[in-house]
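Engineer: The structure follows.
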Number of protein chains: 2
Amino acid sequence: MVKKAPGRPRQGESLTRERIIEASIELLDSSGEVGLTFRALSERLSTGPGAIYWHIANKSDLLSAACDAVVARAMDETVVTTPKETIRAVALGLFDAINEHPWVGSAITSSVGLSPIVRILEPVGEQIRALRVPEEQQWAAVGTLIAYILGVSKQNADNGQLARTRGFDRSDFLEAMSTAWSKLDPKQYPFAHSVAGQFREHDDRVDFISGIDLILKGIDSPRHRSGPQHKHAATLQR
Amino acid sequence: MVKKAPGRPRQGESLTRERIIEASIELLDSSGEVGLTFRALSERLSTGPGAIYWHIANKSDLLSAACDAVVARAMDETVVTTPKETIRAVALGLFDAINEHPWVGSAITSSVGLSPIVRILEPVGEQIRALRVPEEQQWAAVGTLIAYILGVSKQNADNGQLARTRGFDRSDFLEAMSTAWSKLDPKQYPFAHSVAGQFREHDDRVDFISGIDLILKGIDSPRHRSGPQHKHAATLQR
DNA sequence: ACCTGAACACCGTTCAAGT
DNA sequence: ACCTGAACACCGTTCAAGT
């Protein structure tokens, strides 16, 4: 009798790493980080909690894998055009992906493999090269961009999460925050008081892209290109 | 008999909100977010887990309060000089505080009260006014700065955490990451491969301040001051 | 008013036992 | 090789009972 190759029993019915990750993403999207439990997951996959451990090392491995899958998808979808437009597209793609899957924000840093970071590094770096940024300044440029993109996207997603937790949508949240600020004592909090109106009207996504443009402008500017300037040595010392 | 005013029994021996928060900060610093449990906390305070609930609503309240205390301290310590130097000082103060207390990074956004955000908003906003940024652009400037400061500081602290978790220090971490990148296939990951060397040498704190300077430069620049430009309408649509 | 600590309803993870 | 599900050592939170 010929022994069948192991694995692959009955076409996709079986428990695979991919199926587990897919189910985890659904669970994370619908009920957040607290919603991802091995019990809920195994119920959704009609199996026992122990079965999952055959395919996945532990919860943090699971979270990393789910995060990597989302980032990979977002990067695959970005359209490559001119260097600056492409960087904007990568940035917005991540911003939207993290906004849609807020749990990705916290998972992305602790992702064990280097995969999610490299997935972002590569397309951004390629465009920075295309912009003819001198070799020795390439990391500074890419590092600032990635830190900004991930940092601000996370911030934004957290705010959305916070709003949803309290049961209202983003504009209600802005409204509430803004009126809270305008009610602060103008003597003690003059700025918060005066900026409340602008805060109510602002759009995080537009602000995000303005920041990207600001950084891109800085990368282009001749003064920046002339190399590091060590201007603020005093400020920098701990 | 004169009834004593309630509270204050035996000089600071009693369980107070402050003592609980102080102990929480110590616990968070020494063993991270997972280290803060009501059991560990009550043991440290030689009381029962239930006692804490008399002073604190729940765990998220506790985390917010601890976070607010750290932010307040950092802001109190910043020295006010010229507008731009002051903004740099605020930024670095937060960067260092979050680096030293990495759990603050994740707690700061979900902080229920508006207190931690307003604590940062106010000094930054004051300096933006001092820089004579037109009223209608003040939020954009302050919003970008705060998003950058918190976002990048969190990123940085997460990286430090990650390194510590794996049992080595920051420079070992850079070393390991850098050699991992340089071992990647240059055909598939040309940029990661080529930038590995610069990554090894970079200093997050210096990069952080460069980013702040970049943004401050952008805020100053006349083109930015001339108002929003809606250049990338196509990119922005979802 | 404040504190105690057992009890409840959960977790992630392990592991002998099955197929 | 892969899956089962009970068991273990934890959690946050509650609440009757004490002082």
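Engineer: Going by the alpha-carbon gyration tensor, a ≥ b ≥ c the square roots of its eigenvalues, is the protein assembly as shown rounded (a/c under 1.5) or, if a/c is not under 1.5, prolate (a/b greater than b/c) versus oblate? Display every interim value, and only then the final one.
Structural biologist: Numbers: a/c = 1.62, a/b = 1.06, b/c = 1.54.
Taking the square roots of the gyration eigenvalues as a ≥ b ≥ c, the protein assembly as shown is oblate.
Engineer: Continuing with this model, one more query. Between residue B:96 and the same site in the other copies, what are the distances in nm, shortest first, taking label points 7 Å from Cα along the C-beta direction?
Structural biologist: The answer, with the shortest distance listed first, is 4.2 nm.
Engineer: Placing a label point 7 Å from Cα toward Cβ, how far apart in nm is residue A:34 from its equivalents in the other copies, listed shortest first to one decimal?
Structural biologist: Values, ascending and in nm: 2.0.
Engineer: For region A:130-154 and region B:55-70, what is the separation of their Cα centres, given in Å?
Structural biologist: Value for the Cα centre distance between the two parts: 35 Å.
Engineer: Shape call for region A:107-158 from the C-alpha gyration tensor, a ≥ b ≥ c root eigenvalues: rounded (a/c under 1.5), prolate (a/b greater than b/c) or oblate? Walk me through the intermediate numbers first.
Structural biologist: Numbers: a/c = 2.65, a/b = 1.68, b/c = 1.57.
Here region A:107-158 falls in the prolate category.
Engineer: To make sure I understand the rule: partners must be aspartates and glutamates, Cα under 14 Å from the Cα of residue A:187, and not fewer than 8 residues away in the same chain. Which ones qualify?
Structural biologist: In chain and number order, the partners are B:122, B:126.
Engineer: Closest approach to the B-A rotation axis by any Cβ of B: residue and distance in angstrom?
Structural biologist: Residue of B nearest the axis onto A, distance in Å: B:151, 1.
Engineer: Let me ask another. Note the distances from residue B:48 to each other copy's matching label point, with points 7 Å along the Cα-to-beta-carbon direction, in nm, sorted shortest first.
Structural biologist: Computed spacing set for this position: 3.8 nm.
Engineer: Under 1.5 on a/c is rounded, so check that first for chain B, then, if it is not, pick prolate when a/b is larger than b/c and oblate when it is not; a ≥ b ≥ c are the square roots of the alpha carbon gyration tensor eigenvalues.
Structural biologist: Oblate, because a/c is 1.5 or more while a/b does not exceed b/c.
Engineer: Could you tell me which of the pairs A:183/B:217; A:84/A:183; A:84/B:183 are separated by over 30 angstrom between their Cα atoms in the structure shown? Spell out each step's value before the answer.
Structural biologist: On the way: A:183/B:217 33 Å; A:84/A:183 42 Å; A:84/B:183 28 Å.
Long pairs (Cα-Cα over 30 Å): A:183/B:217; A:84/A:183.
No value in this document is a laboratory result; all are computed from the given coordinates. A quick note: this is a predicted structure, and the numbers were derived from the prediction, not measured. Here Cβ is always computed from backbone atoms with ideal geometry, including for glycine, and neighbour counts include all displayed protein chains.
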